[in-house]
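Structure record follows, encoded as structure tokens.
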Amino acid sequence: MSESRVVRPEDVLADDVNSATLNGTEVRKGSVAAFIANAKILESLAPTDALYAEVEAQLRALVPAVRAVGVLDVFAPRTAAIAALIGEETA
């Protein structure tokens, strides 16, 4: 997707397609939105909260998809917890 043209969602994934292989990683539709939603949830939880480990595990599972899509090439995590989870340093 490094072409110089406008890219619409349907150019990446047609309406009737639920996943695509991007940069060698199978990425399911909704992966980026799920990652963001879970990152927000994680930030609202204490590490001792019973849900914390489950949310953290889901985030770790989504990191390859987020990387494959290129989100981390243009956006940096705002919190140390998310940066550590994805193996990035915060600026």
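Observations
- Qualifying position, being surrounded by 14 or more Cβ atoms within 10 Å (Cβ to Cβ), outside any strand (DSSP E or B) and at pLDDT below 95, among LEU72, LEU62: LEU72
- For segment 23-52, the set of residues classified as small (Gly, Ala, Ser) and either surrounded by 12 or more Cβ atoms within 10 Å (Cβ to Cβ) or touching a Ser or Thr at 6+ places or on another chain (Cβ under 7 Å) (or both) consists of GLY30, SER31, ALA34, ALA37, ALA39, listed by residue number.
- Meets criteria (at pLDDT below 95, within 21 Å of ILE86 (Cβ to Cβ) and hydrophobic (A, V, I, L, M, F, W, C)) for LEU51: no
- Within the set ALA57, ALA65, ALA34, ALA61, the sole residue that is more than 18 Å from GLY87 (Cβ to Cβ) and either in contact with a helix residue (DSSP H, G or I) (Cβ under 8 Å, 6 or more places away or on another chain) or of a type in the set (Gly, Ala, Ser) (or both) turns out to be ALA34.
The values are calculated or read from the model by the stated rules, or taken from the named source; none is laboratory data. Please read these numbers as outputs of a predicted model, since none were measured by experiment. Neighbour counts run over all protein chains shown; Cβ positions are idealised from the backbone, glycine included.
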